[in-house]
Amino acid sequence: MDTSFHYLLMANQALLHKKLLAGLKDTSLTLGQPKVLDYLKEHNGSSQKEIARGCHIEAASLTSVLNRMEEKGLVERKMLNGNRRSFYVFLTDRGKNLQRIVEEEFLYLEEKAFAGISEEEKECFLNTFLKIYNNLYLD
């Protein structure tokens, strides 16, 4: 197995997505939707532009994700202050319920990922991972 940074990062991302969707199979959520629900947990009422930036999703991709979520009754888009150029996205009650399920699945997967790893090792890893994120994001 390749142990390079880029390979392990991509492999872990793919495994996390696969296990997340398997754990959420009864919810009918599709790829991209759990991430948006997770983002809206702390940023309910965000603009589509803010969600795209926060979730690292292209605006066009987000539009199709939100369209499907709106069809499922998970989110609703509203104009605020009469601004017709921007829509803001809000979780519905159904969306809030599914967001809690997503959050539980994320916590389960994080617990599984860090099994056998001490709190000190976990904290060190997350601090380093954050530095890597900042290095790449701020570039």
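No lab work stands behind these numbers, since they all come straight from the coordinates. Owing to the predicted nature of the structure, the values given are computational and were not obtained by experimental measurement. Cβ atoms come from the backbone with ideal geometry, glycine included; neighbour counts cover every protein chain shown.
Quick look at the numbers
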read-out	value
Hits in region 105-133 - residues which are charged (D, E, K, R) and either touching a helix residue (DSSP H, G or I) at 6+ places or on another chain (Cβ under 9 Å) or not in a helix (DSSP H, G or I) (or both)	Glu105, Lys112
Residue in region 37-56 that is closer than 19 Å to Asp93 by Cα, surrounded by 12 or more Cβ atoms within 10 Å (Cβ to Cβ), of a type outside the set (Gly, Ala, Ser) and without any contact (Cβ under 8 Å) to a residue 12 or more places away in the chain present	yes
Residues of region 86-139 satisfying the condition of being in contact with a Leu (Cβ under 8 Å, 6 or more places away or on another chain) and polar (S, T, N, Q)	Ser86, Thr92, Gln99
Where a residue in region 118-139 is more than 14 Å from His56 (Cβ to Cβ) and its partner, wherever it lies, is of a type in the set (Val, Ile, Thr), with Cβ under 9 Å and at least six apart	Phe125/Ile117
